[in-house]
1. Determine whether the range 55-75 contains at least one residue that is surrounded by fewer than 14 Cβ atoms within 10 Å (Cβ to Cβ), more than 18 Å from Val178 (Cβ to Cβ), touching a residue at least 40 places away in the same chain (Cβ under 8 Å) and not acidic (Asp, Glu).
2. Looking only at the range 86-119, count every residue that is closer than 30 Å to Lys12 by Cβ and touching a helix residue (DSSP H, G or I) at 6+ places or on another chain (Cβ under 9 Å) and tell me the total.
3. Restricting the search to the range 19-69, which residues are over 22 Å from Thr134 (Cβ atoms) and touching a helix residue (DSSP H, G or I) at 6+ places or on another chain (Cβ under 9 Å)?
4. Among the residues in the range 84-102, are any part of a strand (DSSP E or B), farther than 23 Å from Val169 by Cα and not charged (D, E, K, R)?
Amino acid sequence: MSHLTRGNEVEKNLYEALERSQRLGFLGDRPISEVVEHARAFVAALDGVTGSVIDLGAGGGVPGLVVAIDRPDLQVTLLDRRTKRTDFLEQMVRRLNLERHTSVMAADVSEAIQAGHVDFDSAIARGFGPPEFTLRAAVGCVRPGGVIVISEPPSEDRWDPRLLSELNVFKTPSDQRVVRFTVGTQASDSLN
């Protein structure tokens, strides 16, 4: 069900949550409408994905909260290592009535992987870290055959073909604001 058919009340509550996130310093100063529009590029890139999604560095709630609202068929995990942010995210998940299919985890990504929080069907990341670290972390969380969607700068292809080969990931067509990868069936332990 798209955001357009879910009603103005849900959209209003989402904007209020993200405005609060911005006031707390968890989001930059871009207009919330632009932030939501960019997050919806992640939603579009997840077309065809079923099951579970982890938002790496979910901090201010973007894109994870938008994905959770627009794709209630997905089980969304919002991961951030800062408890101040995960406390905020837990409040927003309750306020937006997303508890049925959205959970929050306070952990560093490498600790989460070591604890067995792997085999997600997809990972998403916006502003999580340097490209190589972000991709390696995402590969560590996603099952072979899964999808990774990462925010892309406006005019730069920052993905070294050797890294993609090493990690056994393949770029697939997506909106220019994000890059979509499919994890090969022989994905390796990428955090070592």
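We did not get these values from a lab; they are worked out from the coordinates using the rules stated. Bear in mind the structure is a predicted one, so any value in this text is a computation, not a measurement. When we count neighbours, we look across all protein chains shown, and the Cβ atoms used for this are built from the backbone with ideal geometry, even at glycine.
1. At the first step, the residues of the range 55-75 found to be surrounded by fewer than 14 Cβ atoms within 10 Å (Cβ to Cβ) are 73.
Applying the additional criterion that residues be more than 18 Å from Val178 (Cβ to Cβ) yields 73.
Next, only the ones that are touching a residue at least 40 places away in the same chain (Cβ under 8 Å) stay: none.
No, that holds for no residue.
2. So the first thing to find is which residues in the range 86-119 are closer than 30 Å to Lys12 by Cβ, and the list is 86-106.
Narrowing further to those that are touching a helix residue (DSSP H, G or I) at 6+ places or on another chain (Cβ under 9 Å): 88-89, 91-93, 95-99, 101-106.
So the answer is 16.
3. Glu19, Arg20, Gln22, Leu24, Asp29, Ile32, Ser33, Ile69, listed by residue number.
4. Step one: of the range 84-102, the residues part of a strand (DSSP E or B) are 102.
Applying the additional criterion that residues be farther than 23 Å from Val169 by Cα yields 102.
Filter again for not charged (D, E, K, R), leaving 102.
Yes, there is a match, as at least one residue in the range 84-102 is part of a strand (DSSP E or B), farther than 23 Å from Val169 by Cα and not charged (D, E, K, R).
One line per residue, one yes/no per condition, for (1) farther than 22 Å from Arg143 by Cβ; (2) of a type in the set (D, E, K, R); (3) within 13 Å of the chain's Cα centre (by Cα):
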position: Ser33; (1), (2), (3): yes, no, no
position: Arg40; (1), (2), (3): yes, yes, yes
position: Pro72; (1), (2), (3): no, no, no
position: Leu98; (1), (2), (3): yes, no, no
position: Val109; (1), (2), (3): no, no, yes
position: Gln114; (1), (2), (3): no, no, no
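To keep it simple, each residue is scored yes or no on (1) over 18 Å from Glu152 (Cα atoms); (2) touching a strand residue (DSSP E or B) at 6+ places or on another chain (Cβ under 8 Å); (3) not in a loop (DSSP other than H, G, I, E, B).
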position: Ser21; (1), (2), (3): yes, no, yes
position: Thr50; (1), (2), (3): yes, yes, no
position: Val67; (1), (2), (3): no, yes, yes
position: Leu78; (1), (2), (3): yes, yes, yes
position: Ser110; (1), (2), (3): yes, no, yes
position: His117; (1), (2), (3): yes, yes, no
